[in-house]
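Peer 1: Below you will find the structure I want to go over with you.
No lab work stands behind these numbers, since they all come straight from the coordinates. It should be emphasised that the depicted structure is a prediction, and the values quoted were computed from it without experimental measurement. Here the Cβ positions follow ideal geometry from the backbone for every residue, glycine too, while neighbour counts run over all protein chains shown.
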């Protein structure tokens, strides 16, 4: 993964986390602190998670599969992309750590 890819994809992680921060603003202090810490780390690791999921999805199904049928432009794709972004955010910590470990292993 390159720096350009990380910068290009970090917006969605920060955008989703900003929405979550806004929604939990009135919640109890201790619970809010745990949520904010979890999602702050997830926002930083979000591009790594997205990269790992995309890399494996393309390896399994191929690039052409993701541009046809249900995945072509339109309302279903828009809703699925929102689900995909949130899915990447929730799995950002474990998948981000795996991606970082793989990148370090490949760089040696």
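A quick yes/no check of all residues on (1) surrounded by fewer than 16 Cβ atoms within 10 Å (Cβ to Cβ); (2) under 27 Å from residue 106 (Cβ atoms):
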| residue | (1), (2) |
| --- | --- |
| 5 | yes, yes |
| 20 | no, no |
| 31 | yes, no |
| 44 | no, yes |
| 51 | no, yes |
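Peer 1: What number of residues within region 88-108 are surrounded by 10 or more Cβ atoms within 10 Å (Cβ to Cβ) and part of a loop (DSSP other than H, G, I, E, B)?
Peer 2: Matching residues across region 88-108 total 1.
Peer 1: Shifting gears a bit: What number of residues within region 18-46 satisfy the criterion of being in a helix (DSSP H, G or I), farther than 19 Å from residue 100 by Cβ and in contact (Cβ under 8 Å) with a residue 12 or more places away in the chain?
Peer 2: Count: 4.
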